[in-house]
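To keep things clear, I will list the structure first and then write my remarks on it.
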Amino acid sequence: PYRPSFLGGMSSPQEPKASFSTRRGRNGAAGEEGDSVSDGPSPLPHVAKATPQLAPQTMHAEEEMTRQPQASVQRINLMPIYLFMVFLAGFGIATFGLVVAWNRDCPAAETVDAVTQVTTTPAPGATPPETTTSDGFATTKGFGGINVCNAKKPDLNNVDCLEDEVAEQSAVDVTEGVVGEKETDAVPITKSYWNAGLCPVNVHWHIGAEHRSEGQYDEGGMGPSPAKEWDGKGRQGFQCRHYAKNDKMFNEPYEWKHCKHMEVGETYEVHWPHSAAGACGTPNQYQTPFYDGVFCMDGILTSTSAQIGVQAQVFTVVNDERFYHPDMIDGMIVDGDMASDVAFYTGSTTGDSRSNSVCSQYTPITWQVDRMCHLISASSFDKMCADMKSKRDDMSDDLHPHGSRELVALEFHARNVVSGSMSGGRVALDAADP
């Protein structure tokens, strides 16, 4: 705070204001030869004037001037300030009492510790939110509304791969240099989905990798042994080559709070379906099953390969926060070497209900697959599952790993693979590719 300084002192109106000047003489000491005090310059510079003697009245005036600042200090009356502070304290106490009384008289308003449970009371006519435990992440759904994407999945059953004319399939070997044998007119999206007008409508993952990338996730990969088992577990896919049984980040258990049937050290392939017909930018954007989100808005889709796509990225889960990524629900992670080597091609939906004898009719759609396997923290997955719980649609059927489809034979593998990079959020295609 600023603190002003006041300069006291005043001249006597009866006495003329004296002007004092000193000149130091040859000997350098005041009062010795050459010193003088004058009322002004001497007309004779070599003649010193005698020092004037102050009259008693003048001395008395100077003493009064010295004492003047002390005499001018006045005592401040603090009583109004004290009274105002007492008023504020009383007002605060009265307000607190009114709030407590109001809460006591409103039993419908229920307050619960936000770290453990969130309970709210809906307005009349509104759909109540689902009450869920948060365990460190916010998972409570907002007040309801209509899910316009519900039951939008088209009825396209699997078909026999050999007896029916089927288009290209997924998942395939994305190793650079591997060429499929399936001729197709479909062209994959070779730019970022957001730049093509698509938004993510779901996220789910498969146990092991459905695609294959030589030296990254293939037959030489490893994981925890014995592998985690549970009722309804699907087919195991390829594993990455990161696992080291003597390194605790691959073996130290993690306390999963939101994801189900997950295991540290295991390989998972994460899929982010995107669509131009999604309820993009609305509470209905994320859907389970993902088909509801892909086909949500009527009258939009004219080309499935140009307007529907999936991002795929393969991870080995570790219990190490150095590999934490907070926004997995938003799509493929593009950071450093993540998504720096990507295969673009057209294929189909996957899952272990399909094989090389049973094929999907949801084809052709674009796939953008990261050829590298990356480490990611278990907490990243758990955060993603918490985010999924907070969506309007019930995504609980995607909180666990799904089974992996067997590697698609070359005869169903589209002959249109393009290589490139997603680094920086924009695609840069390899010069050798069309």
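Once you have the alpha carbon radius of gyration of region 321-434, what is it after dividing by 2.2 N^0.38 Å, with N set to its residue count?
1.23
If I take R0 = 41 Å and measure r between the Cβ atoms of Glu163 and Ile300 in this structure, what FRET efficiency does the formula 1/(1 + (r/R0)^6) give, to the nearest 0.05?
On the way: r = 32 Å, r/R0 = 0.79.
Calculated value: 0.80.
Hey, can you find the accessible area per residue of region 156-222 for me, probe 1.4 Å, expressed in square angstrom? Working shown, then result.
Values: 2950 Å² over 67 residues.
Ligands and nucleic acids excluded, the result is 44 Å² per residue.
Leaving out ligands, DNA and RNA, what percent of the accessible area of region 209-315 is carbon and sulfur, probe 1.4 Å?
Carbon and sulfur atoms account for 49 percent of the accessible area of region 209-315.
Quick one: with all protein chains in place, what share of the accessible area of region 332-421 is carbon or sulfur, to the nearest percent (1.4 Å probe)?
Of all accessible area on region 332-421, carbon and sulfur atoms account for 43 percent.
Taking 1 over the mean of 1/r across every pair of different Cα atoms in region 264-335, what Kirkwood radius in Å do you get?
13.9
Kindly list the residues of region 194-224 that lie in the label zone of Glu176, defined by a backbone N under 14 Å from the point 7 Å along the Cα-to-C-beta vector.
213-216
Quick check: the distance between the Cα centres of region 159-205 and region 279-343, to the nearest angstrom?
After rounding, the separation between the Cα centres reads 15 Å.
Give the peptides 262-273, 216-227 in descending order of average Cβ contacts within 10 Å, highest first. All intermediate terms of the calculation are to be shown ahead of the outcome.
Working: 262-273: 23.8, 216-227: 16.2.
Put in order of decreasing packing, that is 262-273, 216-227.
Determine ³J(HN,Hα), in whole Hz, for all residues of region 381-387 in sequence, where each value follows from phi through the Karplus function 6.51 cos²θ - 1.76 cosθ + 1.60 and θ = phi - 60°; x replaces Gly and Pro.
So the J values, rounded to whole Hz, are 5, 5, 5, 4, 5, 4, 4.
Which ³J(HN,Hα) values in Hz, rounded to whole numbers, follow from the phi angles of region 362-378 under the Karplus curve 6.51 cos²θ - 1.76 cosθ + 1.60, where θ = phi - 60° and Gly and Pro get x?
After applying 6.51 cos²θ - 1.76 cosθ + 1.60, I find 7, 7, x, 10, 7, 10, 10, 10, 6, 6, 9, 9, 10, 8, 8, 6, 4 Hz.
What figure, in Å² to the nearest 10, do you get for the accessible area of Tyr82 with a 1.4 Å probe and non-protein molecules left out?
Tyr82 exposes around 120 Å² with every protein chain in place.
Starting from the amide H of Cys240, placed 1.01 Å from N in the peptide plane, find each other amide H under 5 Å away whose residue is 5 or more places distant or on another chain.
So Cys240 has HN proximity to Met222, Thr267.
What is the spin-label model distance, in nm, from Ser396 to Asp247 if the labels are put 7 Å beyond Cα along the C-beta direction?
Each label point is offset 7 Å from its Cα along the Cβ direction, giving 3.7 nm.
Report the paramagnetic label zone for Ser421: residues of region 175-193 whose backbone N is under 14 Å from a point 7 Å from Cα along the Cα-to-Cβ axis.
Backbone N within reach: none found.
Evaluate E = 1/(1 + (r/R0)^6) for Ser225 and Leu375, where r is the Cβ-Cβ distance and R0 equals 22 Å; express this FRET efficiency to the nearest 0.05.
On the way: r = 19 Å, r/R0 = 0.87.
Using R0 = 22 Å, I get an efficiency of 0.70.
Excluding Ala339 itself, calculate the net charge of residues whose Cβ lies under 12 Å from the Cβ of Ala339, where each Lys or Arg counts +1 and each Asp or Glu counts -1.
-2
Once label points are set 7 Å from the Cα along Cα→Cβ at both Phe91 and Asp330, what is their separation, rounded to one decimal in nm?
4.4
With both partners inside region 296-434, how many of the DSSP beta bridges are antiparallel, as a percent to the nearest 5?
Close to 55 percent.
Test of understanding: extend the Cα→C-beta vector of Val358 to 7 Å, then name every residue of region 387-416 with backbone N under 12 Å from that spot.
Of the residues in region 387-416, 405-406 have backbone N under 12 Å from the label point off Val358.
I'd like to check one number: the per residue accessible area of region 261-416, probe 1.4 Å, reported in Å² as a whole number.
Value for region 261-416: 30 Å² per residue.
The values are calculated or read from the model by the stated rules, or taken from the named source; none is laboratory data. Keep in mind that what you see is a predicted model, and the values were worked out from it rather than measured. All Cβ positions, even for glycine, are placed from backbone atoms using ideal geometry, and neighbour counts span all protein chains on display. Only protein heavy atoms, including side chains, enter the accessible area calculation; ligands, DNA and RNA are left aside. Shrake-Rupley method; radii C 1.70, N 1.55, O 1.52, S 1.80 Å.
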